[in-house]
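Peer 1: I'd like to ask some things about the structure below.
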Amino acid sequence: MGAIISCFLGELKIENLSQLNINKDEVERIFSVPLKWFIDNPPAEYDVHMEIKPKYTDDEGNEVILLPVEELGLPDRYNKPWGLKNHKIFAYIVEGETIWGITAQIVRHISILLKDII
């Protein structure tokens, strides 16, 4: 997706989550799930269809040019959507909470890496 995310894994030596100093402006709520649960329960997998659009029509009916194909002298084929492909979305449902998107991708990857250690 074009993003670089650096992840750090650590262990917190706390009795409960109320001991954490959470920035309420950035975090809506927190909950914990044992790593073993993720290792034993693979995520649900879904696909979304993605395409690159060089332009779109806004809510007022105006054409919004994102990539000026003609101005840049690009081949005409880039005036239409391209790159049609499916993108995998992972989701874990744990006690009524949904962990999905990049968070679920990170958790899944960590679970795969650590499954033989735990």
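Peer 1: Treating the beta-carbon of each Lys and Arg as +1 and of each Asp and Glu as -1, no other charges, what is the dipole magnitude of the chain about its Cα centre, to the nearest 20 debye?
Peer 2: On the way: 12 positive and 19 negative charges, 106 e Å.
I would put it at about 520 debye.
Peer 1: Ok, one more. Roughly what angle does helix 101-114 make with the longest principal axis of the chain, taking Cα atoms, 0 to 90 degrees, to the nearest 10?
Peer 2: The answer is roughly 50 degrees.
Peer 1: Would you work out which of Gly96, Pro81, Val107 lies farthest towards the positive end of the dipole of region 35-114, given +1 charges on the beta-carbon of Lys and Arg and -1 on that of Asp and Glu, about the Cα centre?
Peer 2: Most positive-ward Cα: Val107.
Peer 1: I need two numbers for region 5-78: Rg to one decimal and Dmax as a whole number, Cα atoms only, in Å.
Peer 2: According to the Cα coordinates of region 5-78, Rg and Dmax are 22.9, 62 Å.
Peer 1: Further question on the same structure: Determine the relative contact order of the chain: mean sequence separation of Cα pairs under 8 Å and six or more apart, normalised by residue count, in whole percent.
Peer 2: Values: 104 pairs, mean separation 29.9, N = 118.
Relative CO of the chain lands at 25 percent.
Peer 1: Can you tally the lysine pairs in the chain where the Cα-Cα distance is under 27 Å and the two residues are eight or more apart, or on different chains?
Peer 2: Within the chain, the lysine pair count is 13.
Peer 1: Within 10 Å of each residue's Cβ, count the other Cβ atoms and sort Thr103, Thr57 from fewest upward. The partial results should precede the final answer.
Peer 2: On the way: Thr103 13, Thr57 9.
If I rank by nearby Cβ atoms, fewest first, I get Thr57, Thr103.
Peer 1: Next question, about the same structure. Rank by packing, highest mean first: peptides 72-79, 19-26, with packing defined as the count of other Cβ atoms within 10 Å averaged across residues. Could you put the intermediate results ahead of the total?
Peer 2: Numbers: 72-79: 9.9, 19-26: 7.5.
Put in order of decreasing packing, that is 72-79, 19-26.
Peer 1: Determine the equivalent ellipsoid of region 35-114 by diagonalising the alpha-carbon gyration tensor, then write out the semi-axes as square roots of 5 times the eigenvalues, largest first, rounded to whole Å.
Peer 2: Numbers: eigenvalues 308, 44, 18 Å².
Equivalent ellipsoid semi-axes, largest first: 39, 15, 9 Å.
Every number in this text was worked out from the coordinates using simple rules, so none of it is lab data. Since this is a predicted model, take the numbers as computed values, not measurements. Note that each Cβ is placed from the backbone with ideal geometry, even for glycine, and that neighbours are counted across all protein chains shown.
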